[in-house]
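The structure appears right after this line, and notes come after that.
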Amino acid sequence: MSLYGVMRTGVSGMNAQSNKLSTVSDNIANVNTTGYKRASTEFSSLILKSGSGNYDSGAVETTVRYAISDAGNYQFTTSTTDLAVQGNGFFVVQDANGNNFLTRAGAFVPDSTGNLVNSAGFQLMGYNVANGAVPNTSANGFGNLQVINVNQMALQASPSTKATVAANLDPSATAIAAPAGPPANYTSKTSMVTYDNIGNAVTLDVYAAKTGANTWDIQVYNGATALTTPGPTTTFTFDVTAVGKGALAAASPTSLSVAIPGGSAAFNIDLSAMTQVASAFDFKATVDGNAPSAVEKVNIDDKGVVTAVLKNGTELPSFQIALATVPSPDHLTPEVGNVYSPNLDSGNVQVGIAGQGGLGTIQSGALEDSNVDLADELTSMIEAQRGFTANSKSFQTGADLLDVVVNLKR
């Protein structure tokens, strides 16, 4: 066995233990870093071919592994934009240069422009779902993603386009002799508040006139201006032959379409659930659209839908947070800022939304702690320290023996 080989093996061992100490110290330094994933050093032997009568000492190699797929504990906060992934998946974030990365660090806050960014300055990405849009996902890439911005939700006015009505007309009401029509000759009346293109409130008056047995005319007025005119499209008939039903007859229309003053789109009133049963007149309507109002707060549900709650109480879903995963998360490449990038070993990125395709759900008001166990790290530190000391002794012993050989000449 070569004395030089002994010394080189000792150096190899000290280098290996130094690498282990490096990962341990990094883990300890980031024990309180949100979303941090523990690094560990794995050892493997490097054997040199030896003859039958002698042994050539080899070396030790190290491989750094990351426990990226191991989730940390969850810590609840008071901020709705603090996010944690429960289960499989990563947030998709973007740096200032437009490069996309994956992360579990979900401490997001709005910056000066309203973009949601984490403590490392990465912007949260998602899909635009404003006005009922369906997320246009790209399963194998980052296409169609947008930076989630909460400021653009403020002072938005949405015109009313639809009302869903649950109503009952009183069958005991007396039929009105022709000409039946508002505002003087009607059976029942109610109103709905709608909104035009710029958010002005427009009150629509709805008049119902019983013109015969199981037959009603319904007209919509804006003040004194008729938005519908009497005719077949406003005459509704009910089927009372079906026991306990009193629903609209099969041949009856089920909706009204009117034009809201100042609105560009047709306003459709869905009356398909309207009934005529033995009860007093009742009319309840759910109307879309809203007046412009400032954002009071932002809510995020477990599907990642970002909803702006305006000061007037209106809720506007605007974005849906994207989640991504790879076939082998532990092989992702760690980057500066507690983010990861895919590579050949990790496999291609698969992007979707929370709760679908094997992806986890999103917990608002929570953060994922690092998965570092401080007790384990301190134990590993002692092991690495002892291993380094032992390897230094083998190096020192080889050096002492080499001194003996050199001194033989003296």
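Structure values in brief
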quantity	calculated
Verdict on Asp217 being in contact with a helix residue (DSSP H, G or I) (Cβ under 6 Å, 6 or more places away or on another chain), over 16 Å from Gln320 (Cβ atoms) and not in a helix (DSSP H, G or I)	yes
Subset tally (residues that are more than 30 Å from Tyr4 (Cβ to Cβ), crowded, with 17+ Cβ neighbours inside 10 Å and not charged (D, E, K, R)) for the stretch 366-403	6
Pairs with Cβ under 8 Å, 6+ apart, first in the stretch 118-133 and assigned by TED's automatic domain parsing to the domain that holds Asn338 and farther than 16 Å from Val150 by Cβ, second loosely packed, with under 15 Cβ neighbours inside 10 Å and among the small types (Gly, Ala, Ser)	Gly121/Ala96
All positions within the stretch 124-136 that are over 13 Å from the mean Cα position of the chain (by Cα) and either closer than 16 Å to Val93 by Cα or assigned to a loop (DSSP other than H, G, I, E, B) (or both)	Ala133, Val134, Asn136
Matching residues in the stretch 25-78 - criterion: being surrounded by 17 or more Cβ atoms within 10 Å (Cβ to Cβ), modelled with pLDDT of 90 or more and assigned to a strand (DSSP E or B)	Ala39, Tyr66
Per-region count, the stretch 110-134, residues polar (S, T, N, Q) and either touching an Asp or Glu at 6+ places or on another chain (Cβ under 9 Å) or within 16 Å of Thr34 (Cβ to Cβ) (or both)	3
Unique residue being in contact (Cβ under 8 Å) with a residue 40 or more places away in the chain and either closer than 24 Å to Tyr340 by Cβ or not assigned by TED's automatic domain parsing to the domain that holds Gln17 (or both) when the list is Ala96, Ala67	Ala67
Meets criteria (hydrophobic (A, V, I, L, M, F, W, C), touching a Lys or Arg at 6+ places or on another chain (Cβ under 9 Å) and crowded, with 17+ Cβ neighbours inside 10 Å) for Val206	yes
Unmet requirement for Gly355, which otherwise passes all of (1) over 18 Å from Leu124 (Cβ atoms); (2) in contact with a Lys or Arg (Cβ under 7 Å, 6 or more places away or on another chain); (3) small (Gly, Ala, Ser)	(1)
Of all residues in the stretch 143-174 being among the β-branched types (Val, Ile, Thr) and at pLDDT 85 or above, the one that is surrounded by the most Cβ atoms within 10 Å (Cβ to Cβ)	Ile148
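The values are calculated or read from the model by the stated rules, or taken from the named source; none is laboratory data. Quantities reported herein were computed from a predicted structural model and do not represent experimental measurements. Methodologically, a virtual Cβ is constructed for each residue, glycine included, from the backbone with ideal geometry; neighbour enumeration extends over all protein chains shown.
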